[in-house]
Structures are given as structure tokens and as C-alpha cells.
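Here's the structure, in C-alpha cells; my notes come after.
The values are calculated or read from the model by the stated rules, or taken from the named source; none is laboratory data. Since this is a predicted model, take the numbers as computed values, not measurements. Cβ sites come from the backbone with ideal geometry, for glycine too, and all protein chains shown count toward neighbours.
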Amino acid sequence: MRMVNNLHAKENKVISSLRDLVDSSAAVFGDKNLYHYVEDGTVKQYTYNDLQANVNAIGTGLLKLGLSEKRVAIIGDNHPLYTTVYLAVTNSNNTIVPFDRELALDQLENFCEIAEVEAIFYTAHFNGKLREATKNVARLQYYFPIQPNADEVGEKVMPAAELIALGNKAIEEGDRSYLDLVPDMERCCSLLFTSGTTGTSKGVMLCQRNLTAAVNSSCKSMSYDDENRFVSVLPPHHTYEMTCGELGVINIGAEAFINDSIKHVMKNFASFKPNALALVPLFVETMHKRIWDEIRKQGLEKKVRMAMKANAALLNVGVDIRHKLFGRITAAFGGNLKSIVCGGAPISPTIIQDFYHFGITVLEGYGITECAPLVAVNSPGKVRFHSVGQPVYGVDVRIDYDPGQTTGEIQVKGENVMLGYYQNEEATAEVFTEDGYFRTGDIGYMDKDGYIYITGRKKNVIILSNGKNVFPEELEEYLSKIELVSEAVVVGRKNAEDEKSEVAITAIIVPDMENPALAGKSPEEVHELVRTAVMAINKKLPSFKHITNVEIRYEPFEKNSSRKIKRYKIK
């Protein structure tokens, strides 16, 4: 199937620092709306000039309070001031520490201690509970509630609006301590903790050079510009969302609607009418499932399949009438959606192909927090199914092939690669090669055109007794295509009573109980139907990759805020 490029692009500016990002975007886009967001039941706007003014005010206010070269945390939901604070902190030679809003409060206290946090910003979700949870953090001097309620008062509490007023007053009186400050490009300006508990999580240290390079490479690799409209869905502490969904959007001069609730996603798509989105696979998979559920509900599956077949033939001869054939389908997303950048986990090529038929190009990419995060992406007009694309601008990728193997570890070098792990020289040394490449821990290969294919994660690999390696991600992709399967995780199981027993490749499956084929079935019948479908998968696989056990569970797998399954919790 010939891929038709349905995206546009202008040449975007190249920034020299995150300070330059703020100032140059205000100079070019001024009073244009950057954000649309819901607050107090009303849709409000936030311009590029608002961003610059508030970054300057917060940066000045922080320095006025003696917060220089300190660690300043932020936690909560997406909000215009979240990104504003991120930029003000990083540009004042302080270090921003973004925390996952789903952290347990006792873990938050521990992370604040580890990171030596001296101030923390937070959104309304944490009003009334954050101060109590962190009262024993020795260094914590200031609490800055972004949307304070009447109870958010106290000796250490200063609402963000008051901090902005403090900074503006100082600027009016001639204080240029922040305005004249030149950010140190090599100093750690962002400290990000990877998934896990305080004992297993690593602190990734990124500097301005890393983030600036990542923003530039993101913008150069994608066909987006100031005509794009996004809906911001992903959590802002996630590096992918912050670099590509926030800082990248600011650089190109686009507009974004900040989604106010997972329950409102489809409604916000329909009303804001985005033409581009940045998502993780779970969101795309959910959208895909809803489309086909509605098609089947209306008894139109055969008709739609025939239209897709006809559409493929037309596209091969350069005729594109997808908006006419599938306009009713894409109307659910506002009718203007042309592309989705998707990263964070593998996504089924079938889903990518289906969306392409409907007129939406899914651009699968690959990133890792330690690389700020973008490493590779499928560019518009150059999509290659099953691949995560080619390395982005300024990033060098190589494969360290295992002896006698067709795959190996993916290794990365570039200005985007982290400084190292916080207070962990040993772990830092382990992940860098002698010639300076970062060892990602991901396994894959690269074709002759430089497209990268990921086959698994080193730490997830199932090692069989015959020495063969099986990557769960490959088998999970096959399982995701079974209509009876809602979610699946593949693990290696051994008989607990026999240490010498063989490892059994086991599929743990959450069945799709909304599927008519499972309606009214007993647990035994559900297990047999799902098992039969899984065993059929084995016919497509070499014998050493065969799934031998199927376990059924009815509770969805626990996920982190980036919607990735917490594998370490699966027993």
C-alpha cells in the first residue's frame, strides 16, 4: 500500500536554549492562544505572551525568595502554569523535579527527601493533603499551590498567583536578576525519576543542552507547524509529553486544548477538533476498539471492509477520497485529525493500517527518558510498518548485535543523552559504553535504510533452558490481535515445587467480556475459548516460542500514569 502524505509543514525555528524557546515564541506568536483549558467550569485561554510574562515573573520571584541552584518539585494535572513553572525553574538555574501525580503520598515524601527538594508547586488535586504528607521533609521551605482553596494557607504557603505578583513587582522596581541570567546549558535542570519505588527508581539528570536538542530534533523530524491544533492528554511529568507535547508545541507556535478528564477525552476531541495528537498506544488502541465496536453495532463491518479494500486500490494510483469514505468515522475525533504521534510501547501494525485507511496517519516512534526522550520516529510520508522509524535529527543509533544473532542492544549517542543518574555513579558507568554510547536495554535491529525495529526489552526476556531468548513483547503483539483479548502479558513460569522444571511461556489474559462471543459464558468456557484462540497463534511461531499456558484474570492490569502495565507487579 502506497503511503500518501496528508500533512503540511513550514520550516520551524531552531532554539539555542529553553530561555530562547520562551522569548522567541512570544516574539513570533505573541497574543496567539497557546492553551485552551477548563477552570471553574469555563474554557479559558493562555497566550504566548502570557507564557513569557509569567515565566519571567515566577523566575524572578524564585530568585527573590533565595531559590537559586535549588531543586523545585512540581506535581499534579496538566495546567498552563505547569509548563510555565517548568520553564521558569529550568531557566533560573534551578532544577525542576516533576513527580508522577499517582505516587503514593508516603513515596512522595521519600522522593522529596532523596531529591533534596526545597520548594514544591502543585495543582488542585493535592490541596489539603500534600503539606501534611511532606511535613517531615527537612529542606522543604515553600509550598506553591497553583489553584489554592481556602485551606491552602500557612507559614510556608505562597499561592502561585502571589509568587507571580512578587516577581512582577520586583521587575517593575528594576530587578533584572532573572531577566539577565544566562542559563547554564550543562547544569542539571531537570531531575526525572523512572518508574518504580524509591528503592528501584533512578533519577535521570537532564541539562538544558539535552532538552534543547530534543526539542529541535522533535520539531525537525515532524511535519507540524503553527497551523496545528492538539489536545493534550498525557500526564505532564512524562518526558514524552513535556518535550514533544509541551515544549515542541511552544516552539512551532501551535495551539493545544488541555484535556480536563479522561472521561471527557472524546467530547474534547469532538469540540476542539484537533488535527494532530501525541498519545501512547493504549489511547490509540482504545480509540480503534471504539471505532470497530460502533461499526459492528450498526452492522456495517462488511461494508466498511469493502470500502477499505477499494480505498487501498485508489491510494495506489494516487486517488485519495478517504474523507468521503470514512468521514463519519473520523467525525468522532472532530473531523480534522490527520496524524497521531505514538510512543511509549509497541502498537499493532493492524491498528496503524486501519487508521491510515480512515485518513489518520499514526507515526510510531521510540524514546527513553534518558534520551530526553525522542530517539526515532516514522516521519510523514516515510512510514514503515512494524518499525519505530529512523533516528531523529542529531541522534546517532547503532545496534550492538549479539554473536550469531540478528538482534542486539540499541545504543544511542547525541546531544539529547542524559548527564547521568542522580547520586549513582556506578549505575551511570554501567549504561555508557567506552566510546560514549548510551545502552538503552532495548533489543532490536536496523534495516539497510536505517529504520529501527524493537523486538523486546532486556530485563523482560524469557530465557529458556535451551538458551533460546523469547521476548514477551513479540508474543503480546500477536495476542493483541485476538478479538477475545482485552489485555495480555506474557511471562515465563516455573513449577514452584520443582526447581529443575522447564520454563513455561505463559499468557496472562484479561478477556474482553463485552465481546458477544463471551457473553453469558462460564469462567471455564471463557478459558477454553481464549485458550483455543491463543493456541492458534502458535501455528505462526517457531516451536520454542509456543505459548503453553493460558491464565485468565478479570481485573485489568495495574498501570502507571503513562498507561503502561506495571510488569513488576505481575506474579
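Do any residues in the stretch 114-140 that are closer than 19 Å to Y422 by Cα have Cβ atoms under 7 Å from those of residues that are hydroxyl-bearing (S, T, Y) and surrounded by fewer than 17 Cβ atoms within 10 Å (Cβ to Cβ), where the two are at least six apart or on different chains, and which pairs are they?
I114/T198
Would a scan of the stretch 372-384 turn up a residue that is small (G, A, S), touching a residue at least 60 places away in the same chain (Cβ under 8 Å), assigned to a loop (DSSP other than H, G, I, E, B) and in contact with a Lys or Arg (Cβ under 6 Å, 6 or more places away or on another chain)?
No, the stretch 372-384 contains no residue that is small (G, A, S), touching a residue at least 60 places away in the same chain (Cβ under 8 Å), assigned to a loop (DSSP other than H, G, I, E, B) and in contact with a Lys or Arg (Cβ under 6 Å, 6 or more places away or on another chain).
Residues of the stretch 87-119 being of a type in the set (G, A, S) and at pLDDT 95 or above, which ones? Outline the logic, then answer.
Filtering the stretch 87-119 for residues of a type in the set (G, A, S) gives 88, 92, 104, 115, 119.
The answer is A88, S92, A115, A119.
All but one of (1) assigned to a helix (DSSP H, G or I); (2) crowded, with 21+ Cβ neighbours inside 10 Å hold for S271; which doesn't?
Going through (1) assigned to a helix (DSSP H, G or I); (2) crowded, with 21+ Cβ neighbours inside 10 Å one by one, S271 breaks only (2).
Report every pair of residues separated by at least 6 positions or lying on different chains whose Cβ atoms are under 7 Å apart, first residue within the stretch 342-367 and of a type in the set (S, T, Y), second assigned to a helix (DSSP H, G or I).
Short answer, once both residue conditions are applied: S348/E477; S348/S480.
Any residue that is at pLDDT 95 or above, hydroxyl-bearing (S, T, Y), surrounded by fewer than 22 Cβ atoms within 10 Å (Cβ to Cβ) and not in a helix (DSSP H, G or I) - is there at least one of those in the stretch 176-195?
yes
What number goes with the only condition from (1) at pLDDT below 95; (2) part of a loop (DSSP other than H, G, I, E, B) that L337 does not pass?
(1)
From the list Y453, Y421, which one is under 30 Å from L18 (Cβ atoms) and surrounded by 13 or more Cβ atoms within 10 Å (Cβ to Cβ)?
Of Y453, Y421, the one residue that is under 30 Å from L18 (Cβ atoms) and surrounded by 13 or more Cβ atoms within 10 Å (Cβ to Cβ) is Y421.
What about G450, is it part of a loop (DSSP other than H, G, I, E, B) and either small (G, A, S) or free of Cβ contacts under 8 Å to residues at least 40 places away in the same chain (or both)?
yes
For I58, which of the numbered conditions (1) in a helix (DSSP H, G or I); (2) under 24 Å from the mean Cα position of the chain (by Cα) fails to hold?
(2)
Could you pull out the residue among F111, F99 that is in contact (Cβ under 8 Å) with a residue 12 or more places away in the chain and closer than 24 Å to I258 by Cβ?
Working: F111 fails: closer than 24 Å to I258 by Cβ.
From the options F111, F99, the qualifying one is F99.
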